[in-house]
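Just below is one structure, and these are the notes that go with it.
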Amino acid sequence: MGKGMPASVNGTYQSRGTGQNDRKSYNHPCTIARALDILGDRWTLLILRDLMSGLHRYTEIQESCQGMSPNVLSDRLKRLQDDGLVERHHRKGLPPQIEYTLTEKGWAVRPVLQSLIDWAKQHVGSLDPEDPDTGATTDFVVRVIPTFAFKAEKAVEIAATMVVEIAESTNCTAWTFEIRDGHLLPRRNATPTADLHLRTTASGFFAFVRGQAPAEQVGELTGDPNLARAIQACFTSA
């Protein structure tokens, strides 16, 4: 038996490899089991959620996934890189920064997360972004809800950047939403080169995402209202 291979092929969940960061495999000839070998570790799907919704730095993901140890985060990011879902980038600056981004293989997990959201809404209950009792920060819901309400097929011909500013938020007050290559790419903070700038409230922003009112009616819009409507059409009811 080769080095690092499972000890048997009985379909049991077994260690694969040696050392502290041993991987485990179901070692089962089933497509679901093979997918879970990559995606089934604790925290992995939440890390992918955060990368999709605009967090790219180790410290940001660590803060978002409270309860996950630094060693586990490092291990999961390394595994996702090895499996081709995540890329690691060195950004120049003082000090230099390391950022993580999704590959197309990583983005392909988005429908899996969307299906989990749909199942949870039906069987567990959905998050009300305006309910303070949920404990979710404004930053979290402003990034995550649009990420999974976004319809890529409606954005094929759109390349645009929109800054949303919500002054009432205490942990983050501005976000950049870029639509490129059929993906919505949120980021914290405002880019100075945005096509649109919307100053609004959290309630106004969610009304915009839900399609309940155009951007110019939920706040102060700078830029082309028609472009704002085209961006709004890329979302579904959240």
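Things worth noting here:
- Cross-chain or 6+ apart pairs with Cβ under 9 Å, segment 115-137 first and not assigned by TED's automatic domain parsing to the domain that holds L45, then modelled with pLDDT under 75 and not aliphatic (A, V, I, L, M): A136/P129
- Some residue of segment 95-110 being modelled with pLDDT under 90 and on the phi > 0 side of the Ramachandran plot: no
- Verdict on G84 being over 19 Å from V142 (Cα atoms), exposed (fewer than 13 other Cβ atoms within 10 Å of the Cβ) and modelled with pLDDT under 95: no
- Some residue of segment 185-206 being on the phi > 0 side of the Ramachandran plot, without any contact (Cβ under 8 Å) to a residue 40 or more places away in the chain and within 19 Å of the chain's Cα centre (by Cα): yes
- Selection within segment 158-205 - out of contact with any strand residue (DSSP E or B) (no Cβ under 8 Å at 6 or more places or on another chain) and assigned to a loop (DSSP other than H, G, I, E, B): E168, S169, T170, N171, D181, G182, P192
- Top-ranked residue of segment 27-51 - restricted to ones that are of a type outside the set (A, V, I, L, M, F, W, C) and crowded, with 17+ Cβ neighbours inside 10 Å, ranked as farthest from R88 (Cα to Cα): N27
- Residue in segment 73-92 that is at positive phi, in the same structural domain as S169 (by TED's automatic domain parsing) and either out of contact with any Leu (no Cβ under 8 Å at 6 or more places or on another chain) or not in a loop (DSSP other than H, G, I, E, B) (or both) present: no
The values are calculated or read from the model by the stated rules, or taken from the named source; none is laboratory data. Just so we're clear, the structure is a prediction, and the values are computed from it rather than from any experiment. Heads up, the Cβs are rebuilt from the backbone with ideal geometry, glycines too, and the neighbour counts pull from every protein chain shown.
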